[in-house]
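The values are calculated or read from the model by the stated rules, or taken from the named source; none is laboratory data. Keep in mind it's a predicted model, so treat the numbers as computed, not measured. When we count neighbours, we look across all protein chains shown, and the Cβ atoms used for this are built from the backbone with ideal geometry, even at glycine. Just so you know, the surface numbers come from the protein's heavy atoms only, side chains and all, with ligands and any DNA or RNA stripped out. Shrake-Rupley method; radii C 1.70, N 1.55, O 1.52, S 1.80 Å.
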Amino acid sequence: MKKIGFIGLGIMGSPMAANLVKAGFDVTVWNRTPAKCVPLISLGARQGESPRQVAASCEITFAMLADPDAAHAACFGADGVLEGIGDGRGYIDMSTVDDKTSCAIATAITKAGGRFLEAPVSGTKKPAEDGTLIILTAGEQSLYDEAAAALDKMGKLRLYLGAVGQGARMKLVVNMIMGGMMISFCEGMALGQKGGLDGSQILAVLDAGALANPMFSGKGPMLLAGDFPTSFPLKHMQKDLRLAVALGDELGQPLHSSAAANETFKQACAAGDADRDFAAVYKVIQ
Ligand code: NAP
């Protein structure tokens, strides 16, 4: 069984790494805040000393980090992955970042003698726990093939999308749509209830028709309860919208409603809801 590294044990990384340990892989973990390694060590993982040491000692190292700055720091920072990679070892970054960040990391890893695959995921905390994520890969195909067994312990579906950058773009497109849908949903729920409609009945009507979807049925009760336990942090949705709008600038694609959605998520971050679930954007809309 391959030696696997895992860097970044947040909401997503912890259960993803746990699924690899439970599947019998020899897993070495590292997290900036070391305390988050403890449950994984109890499960049977090894404690890594640094991203450099993890990348140097494992055949394939996965990362699941907050944003482009975090992905950059783990790769290019002191004691980073770049200092440990080489000899054809693999680095698979599953963080949601922009295509430029991913391409810069890919270029550096390849130059250092490693292989790179980007693999952002669609799906949230529960699918991460259940191993049912949708994994959007692009980059070195030999690494994609070699990592298949591990990827299949984390996801129910994996796609190979071609050159580095295409996985990042696919992920940003999907989350841009999701962010916009959430804003429309919250505005409809707020408007309906201010107009005297019963919130549960609005949800029931949505669920019975063409607009039925798991996001509305999953997040709807959170809106009604005013309680937003975090599966997908609001700050990460704002980051994804920011990166999608930047991609729109670059490609000359107007994104009127997504740019407006980004502003609403920025407002929610400023209101103190950055670490709540992204459904908490409802509070500033109300
Ligand atoms: P999270 O809980 O906020 O975890 C972020 C991770 O990044 C933590 O391990 C954190 O370390 C690490 N980190 C942040 N800044 C760092 C830095 N400068 N150097 C090194 N490590 C750093 O986020 P998450 O929800 O697991 O999401 C991870 C990624 O997956 C994000 O790109 C997100 O957009 C994406 N994603 C999330 C979901 C979801 O539903 N949650 C779904 C799909 C995709 P510390 O523990 O030390 O803070």
Under a 1.4 Å probe, what is the accessible area of the range 238-286 per residue, stated in Å²? 48
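If the only charges are +1 at each Lys and Arg Cβ and -1 at each Asp and Glu Cβ, what is the size of the charge dipole of the chain around the Cα centre, to the nearest 20 debye? Display every interim value, and only then the final one.
Values: 26 positive and 29 negative charges, 63 e Å.
Magnitude of the dipole: close to 300 debye.
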How many percent of all Cα-Cα pairs in the chain sit more than 34 Å apart? 22
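Quick one: pull the percent of accessible area on the chain belonging to carbon and sulfur, 1.4 Å probe, ligands and nucleic acids left out. Mind dumping the intermediate values first?
Working: 6940 of 12480 Å².
Within the chain, the accessible surface is 56 percent carbon and sulfur.
Once you sort the root eigenvalues of the Cα gyration tensor of the range 3-163 as a ≥ b ≥ c, which label holds: rounded (a/c under 1.5), prolate (a/b larger than b/c) or oblate (the other case)? Intermediate values should be presented prior to the final figure.
Values: a/c = 1.40, a/b = 1.10, b/c = 1.27.
The shape class here is rounded.
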May I ask what percent, to the nearest 5, of DSSP beta bridges between residues of the chain are antiparallel? 15
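Inverting the mean 1/r over all pairs of different Cα atoms, compute the Kirkwood radius of the range 169-285 and quote it in Å. Could the numbers behind the result be given before it?
On the way: mean 1/r = 0.0689 Å⁻¹.
One over the average 1/r among Cα pairs gives 14.5 Å for the range 169-285.
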Can you tell me the FRET efficiency between M181 and K3 if r is taken as the Cβ-Cβ distance and R0 is 41 Å, rounded to the nearest 0.05? 0.50
As a test of reading the structure, rank I92, I134 by solvent-accessible area (1.4 Å probe, protein chains only), most first. I134, I92
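Contour minus end-to-end for K22 and V284, with contour as 0.36 nm per residue of separation and end-to-end as the Cα-Cα distance? It would help to have the intermediate numbers written out before the result.
Working: separation 262, 0.36 × 262 = 94.32 nm, distance 4.08 nm.
Extending this stretch completely gives an extra 90.2 nm.
Restricting to DSSP H runs of at least four residues, report the calculated mean residue ellipticity at 222 nm for the chain, -39500 (n - 2.57) per run over all residues, nearest 500 deg cm²/dmol.
Counting only the DSSP helices, I get -16000 deg cm²/dmol.
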Mind checking which of G272, G114, G88 has the largest fluctuation in a GNM of the chain, springs on alpha carbons under 10 Å? G272
Anchor K171: lysines whose Cα lies under 24 Å away (excluding residues fewer than 8 positions away in-chain): K100, K125, K126, K153, K156, K219, K235, K239, K266
Can you pull the one-decimal nm distance between simple spin-label points at Q47 and K111, each 7 Å off the Cα toward Cβ? 3.5
Quick one: check the C-alpha center-to-center distance for the range 10-82 versus the range 118-153, whole angstrom. 15
Subtracting the Cα-Cα distance from 0.36 nm times the residue separation, let me have the gained length for S257 to D145 in nm, one decimal. 36.5 nm
Each label point is 7 Å from the Cα along the Cα-to-Cβ direction; what then is the distance between the points at A163 and A208, in nm? 5.1
Run the simple label-point estimate for L197 and A73 please: 7 Å along Cα→C-beta, distance reported in nm. 4.3
